[in-house]
Amino acid sequence: MQDENPKGCENGCVEQDGVCCPKEPPWPAWVAYASTFLFLPVVVMALVVLAQTSVWKLLGWLLILWAFLVPLRLLVCARCPYYGQSCPTLFGKLTARIFPKKQGSMVLGLWLDVAAILALFALPLPDMLRYGGVGALFLWILLFTGAFLAIAKTACARCPLTFCPIGKAGGLAWKLIDTLWEKALEKVRR
Ligand code: SF4
């Protein structure tokens, strides 16, 4: 639920799902283009491989991608304080071109986003192995997780929507990476 003048939130903030969010988007403009650009190789690799391994899986993957890019935006971005504004993806502005502003919780939509992202990652896994062996499988995992980690660092790390499970997962992933890196450095320094 979004409230323009909620109790407890400072002026210039809006409340979304119990969190006070600054009305001014906290991301520099380049983040939206970086997020989009980072996922392009993932989409291209999935299309190229699935087109050769299973047309039905290709159609299924495209259906999930469409569901993520269009109807799920109605449950997430159309309800977001940054609807119609520059945000960490191009969704904020693109959603405003296809859907009117909505009120309501974003949480269910964000969890459906998680399900869609996991399905987009997992569905092609056996096909990557069948198409190009361990090398293709490794490249797919690297491209997908690399894009996720980069977006977590550039976009989610600045995001005030702290109830978002994607941002929480990104934060945990980087905390783990930083801890492992520190441990490795300690070993080297000894
Ligand atoms: S900040 Fe996130 S949820 Fe909000 S419009 Fe942008 S992509 Fe959608």
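Summary of computed values
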quantity: Members of segment 34-65 found to be without any contact (Cβ under 8 Å) to a residue 60 or more places away in the chain, surrounded by 12 or more Cβ atoms within 10 Å (Cβ to Cβ) and of a type in the set (Phe, Trp, Tyr), listed by number; calculated: Phe37
quantity: Residues of segment 19-33 classified as out of contact with any Asp or Glu (no Cβ under 9 Å at 6 or more places or on another chain), open to solvent by less than 60 Å² (accessible area, probe 1.4 Å) and of a type outside the set (Val, Ile, Thr), total; calculated: 5
quantity: Hits in segment 15-64 (condition: touching a Lys or Arg at 6+ places or on another chain (Cβ under 6 Å) and more than 18 Å from Thr154 (Cα to Cα)); calculated: Leu50, Thr53
quantity: Hits in segment 87-96 (condition: part of a loop (DSSP other than H, G, I, E, B) and either touching a strand residue (DSSP E or B) at 6+ places or on another chain (Cβ under 7 Å) or crowded, with 16+ Cβ neighbours inside 10 Å (or both)); calculated: Cys87, Pro88, Thr89
quantity: Residue within segment 56-79 that is farther than 16 Å from Val114 by Cα and not in a helix (DSSP H, G or I) present; calculated: no
quantity: Matching residues, segment 68-85, being surrounded by fewer than 17 Cβ atoms within 10 Å (Cβ to Cβ), in contact (Cβ under 8 Å) with a residue 24 or more places away in the chain and more than 8 Å from the ligand (Cβ to nearest atom); calculated: Val70, Leu74
quantity: Qualifying residue in segment 97-106 (condition: basic (Lys, Arg), near the ligand (Cβ under 9 Å from one of its atoms), more than 20 Å from Ala46 (Cβ to Cβ) and part of a helix (DSSP H, G or I)); calculated: no
quantity: Residues located in segment 124-155, provided they are loosely packed, with under 15 Cβ neighbours inside 10 Å and either hydroxyl-bearing (Ser, Thr, Tyr) or not in a helix (DSSP H, G or I) (or both); calculated: Thr145
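The values are calculated or read from the model by the stated rules, or taken from the named source; none is laboratory data. From a predicted model like this one, the values you see are computed outputs, not experimental measurements. In this analysis, Cβ positions are derived from the backbone assuming ideal geometry, glycine residues included, and neighbour counts consider all displayed protein chains. Each accessible area value is taken on the protein alone, full model and side chains, heavy atoms only, with ligands, DNA and RNA left out. Shrake-Rupley method; radii C 1.70, N 1.55, O 1.52, S 1.80 Å.
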